[in-house]
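For reference, the structure is listed below as structure tokens.
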Amino acid sequence: MAESVALTTPRESFAFEQGDAPDEAFLSAYQKNRLHHAWLLCGPQGLGKASFAFRCARFLMGKDRDPSHGALGMSPDDADVRLITAGSHPDLLVLEREMGESKLKKNISVDAVREIGEFFSKAPSRSPYRVCIIDSVDDLNINSANALLKILEEPPHKGILFLISHSPGRLLPTIRSRCRRLTFVPWTDQAVSTFLKARTEIDDEHQARLVRLAHGAPGKALTLMEEGALDMDAFAGRLLERPLPPRAELMQAAAMFKSSSAKNDGAKKFATFMACLTDRLHDRSLSAETSQKGQNYSQLWSRLNMAVGEVESVNLDRGDYFWSIYNELVNLS
């Protein structure tokens with residue numbers, strides 16, 4: 001059932017949907033000459049926070065306005081905008097987790113964050129501002145977070161930072177207090193459904209499942225689709241039915257979750273599987289034939305909601321963890 005969909009990166013995205021509040025807040029600050037040096041963009045992943053950061057960067061650094069792309073809209077043909085899209089603008093710095101030997105590193109390093117200070121020590125070379133985007137600030141470790149704090153304590157002249165955070169409550173309070181906060185709220189299910197219809201050709205049933213799994217985040221819905229979440233969701237559903245999937249398929253799934261390489265990110269696939277399974281367990285807890293069965297499903301759902309964080313925090317074997325989940329599901333029936 002997996003269907004490929006062309007994902008537009010935030011750097012390339014000019015679409016303007018459901019973004020009026022943050023765009024107008026930023027524009028108002030700009031027009032009143034009260035532009036804060038650091039903006040903390042908060043909300044669940046997939047709501048367009050990175051796209052907003054690039055939209056602001058284009059607005060600050062370009063010249064050719066285009067209202068058809070919203071309050072901060074810029075023409076894709078503007079010279080500075082084209083450099084931003086190509087990833088070669090000298091006044092824009094983007095920090096993300098780097099690729100290690102075979103997979104993404106867990107954190108943005110302190111050395112990478114220190115580059116921001118050097119970047120802002122220089123005057124803009126061709127634009128009114130120098131802009132740095134950190135996607136995401138949740139990926140900082142304690143050392144890199146402290147390095148960022150030093151930069152925030154000494155606001156750069158003609159420098160603007162955009163800090164993207166999916167879990168702002170986990171950040172250092174001193175970082176939060178030195179930023180202006182913009183919160184991105186989840187879309188309605190109907191809005192996400194309309195968003196998907198304009199970009200995919202999947203049937204109504206599978207579209208409804210993606211909307212449910214996305215929890216109001218349209219970007220997440222597209223990412224889930226690209227990552228094969230519909231196939232993973234079907235597999236999770238069959239684990240709750242009889243007959244169970246054949247053992248060869250179970251072994252293949254365990255091996256896939258255990259793998260960790262550039263070609264097969266087992267951690268990401270495991271997280272997607274767990275999102276699908278816990279969603280189905282929640283439904284089962286509400287529709288169980290007896291109160292005892294409903295309680296059993298609910299208890300398992302509650303435990304597995306924390307599984308992904310638990311597995312990654314103590315570096316558990318994801319393949320072995322999958323088999324323990326499978327045994328619990330067998331005993332649950």
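The values are calculated or read from the model by the stated rules, or taken from the named source; none is laboratory data. In this text the structure is predicted, and so the values were computed from the model without any measurement. Backbone-built Cβ (ideal geometry, glycine too); neighbour counts: all protein chains shown. The area values use the complete protein model at the heavy-atom level, side chains included, leaving out ligands, DNA and RNA. Shrake-Rupley method; radii C 1.70, N 1.55, O 1.52, S 1.80 Å.
Only residues that are without any contact (Cβ under 8 Å) to a residue 12 or more places away in the chain, of a type in the set (D, E, K, R) and in a loop (DSSP other than H, G, I, E, B) were counted in region 175-208, giving 1.
Summed over region 237-264, the residues that are within 15 Å of ASP317 (Cα to Cα), of a type outside the set (A, V, I, L, M) and open to solvent by less than 60 Å² (accessible area, probe 1.4 Å) give a count of 4. Against the numbered list (1) touching a Ser or Thr at 6+ places or on another chain (Cβ under 7 Å); (2) acidic (Asp, Glu); (3) open to solvent by less than 50 Å² (accessible area, probe 1.4 Å), ASP64 comes up short only at (3). Does ALA234 qualify as being in a helix (DSSP H, G or I), under 30 Å from LEU93 (Cβ atoms), out of contact with any Phe, Trp or Tyr (no Cβ under 9 Å at 6 or more places or on another chain) and open to solvent by less than 60 Å² (accessible area, probe 1.4 Å)? So ALA234 does not fit the description; no.
I need the full set of residues from region 104-119 which are out of contact with any Cys (no Cβ under 6 Å at 6 or more places or on another chain) and at pLDDT 90 or above, in order please. Talk me through it step by step, then tell me what you get.
Our first condition is that a residue be out of contact with any Cys (no Cβ under 6 Å at 6 or more places or on another chain); within region 104-119, this holds for 104-115, 117-119.
Within region 104-119, ILE108, SER109, VAL110, ASP111, ALA112, VAL113, ARG114, GLU115, GLY117, GLU118, PHE119 qualify.
Say we look at region 149-174 and pick out the residues that are more than 19 Å from the chain's Cα centre (by Cα) and part of a strand (DSSP E or B); which of these is nearest to SER125 (Cα to Cα)? Once the filter is applied, the top-ranked residue is GLY159.
Within region 6-50, the set of residues being among the acidic types (Asp, Glu) and either surrounded by fewer than 18 Cβ atoms within 10 Å (Cβ to Cβ) or not in a helix (DSSP H, G or I) (or both) comprises GLU12, GLU17, ASP20, GLU24.
Looking only at residues in region 266-284 that are at pLDDT 90 or above and open to solvent by 30 Å² or more (accessible area, probe 1.4 Å), which one is farthest from the chain's Cα centre (by Cα)?
If we filter region 266-284 for residues that are at pLDDT 90 or above, which is where we start, we get 269-284.
Add one more test, that the residue is open to solvent by 30 Å² or more (accessible area, probe 1.4 Å), and what stays is 269, 271, 275, 280, 282-284.
Working: LYS269: 15, ALA271: 13, ALA275: 14, ARG280: 22, HIS282: 23, ASP283: 25, ARG284: 28 Å.
By that ranking, first place goes to ARG284.
Is region 94-103 home to any residue that is open to solvent by 30 Å² or more (accessible area, probe 1.4 Å), under 20 Å from ASP139 (Cβ atoms), at pLDDT 95 or above and under 19 Å from the mean Cα position of the chain (by Cα)? Yes - at least one qualifying residue is present in region 94-103.
No other residue among LYS197, LYS158 is on the phi > 0 side of the Ramachandran plot and open to solvent by 20 Å² or more (accessible area, probe 1.4 Å) apart from LYS158.
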